[in-house]
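A quick write-up on the structure given underneath.
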Amino acid sequence: MNLKEKCTILEFNDLGDERGKLVVIEGNESIPFEIKRVFYIYGSDETVVRGKHANRESEFVLINVAGTSKVRITDGKDEFVVELNKPMMGVYIPKMVWKDMYDFSSDSVLLVLASTHYDGKEYIRDYKEYLKLVK
Ligand code: TYD
């Protein structure tokens, strides 16, 4: 499976009606893991690059619930960019995949669902080290 096939673009159902939109995400159903952690990033802008890491253990789903951002995804060999611009879409990022989030709109709220509790030790933040590990 190539990188793009591994990092699935997820389209969530919109259960909205005339009262507004509703998107539901259930662990192991609409995304491929049980959710252990949720965090969100806002107040970033187009000058900022976040992420810049890969994770030994964690899987993630990234969703812009408001505004837009981009995520550059690489495995050290292939690379592609996903624009997150709809609350009903997300991108799945498996273990040991490098990601950079950037180009945040001023109203961007980037929701991240994670398969693990936080453990700083499982983060690989040095790209050279990452390249050695994936070789
Ligand atoms: P960081 O990993 O740099 O954020 P991002 O990947 O979005 O750029 O995290 C910033 C700080 O927050 C860092 O000190 C670690 C801490 N942090 C936690 O304590 N728990 C978490 O779940 C996350 C994502 C970060």
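The values are calculated or read from the model by the stated rules, or taken from the named source; none is laboratory data. Quick caveat, the model's predicted, so the values are computed rather than measured. Note that each Cβ is placed from the backbone with ideal geometry, even for glycine, and that neighbours are counted across all protein chains shown. Only protein heavy atoms, including side chains, enter the accessible area calculation; ligands, DNA and RNA are left aside. Shrake-Rupley method; radii C 1.70, N 1.55, O 1.52, S 1.80 Å.
Whole-Hz Karplus values for the stretch 41-49 come out as 10, 8, x, 8, 9, 6, 8, 9, 10 Hz, taken residue by residue from phi with 6.51 cos²θ - 1.76 cosθ + 1.60 and θ = phi - 60°; glycine and proline positions read x.
In terms of packing, defined here as the mean over residues of other Cβ atoms within 10 angstrom, the peptides 54-63, 16-25 line up highest first as 54-63, 16-25.
Solvent exposure of the chain amounts to 58 Å² per residue of accessible area, where only protein heavy atoms count and the probe is 1.4 Å. Considering only the Cα atoms of the stretch 1-131, their convex hull presents on average a projected area of 8.2 nm². For the chain, carbon and sulfur atoms together expose 49% of the accessible surface, with a 1.4 angstrom probe and every protein chain in place.
When shorter helices are ignored and each DSSP H run of at least 4 residues is given -39500 (n - 2.57), the per-residue value for the chain at 222 nm works out to -2000 deg cm²/dmol.
Compared with the direct C-alpha span, the chain from LYS128 to ILE9 gains 40.1 nm at full extension, assuming 0.36 nm per residue. Here each label is just a point 7 Å from Cα along the line to Cβ, and for GLU79 and SER105 those points are 2.5 nm apart.
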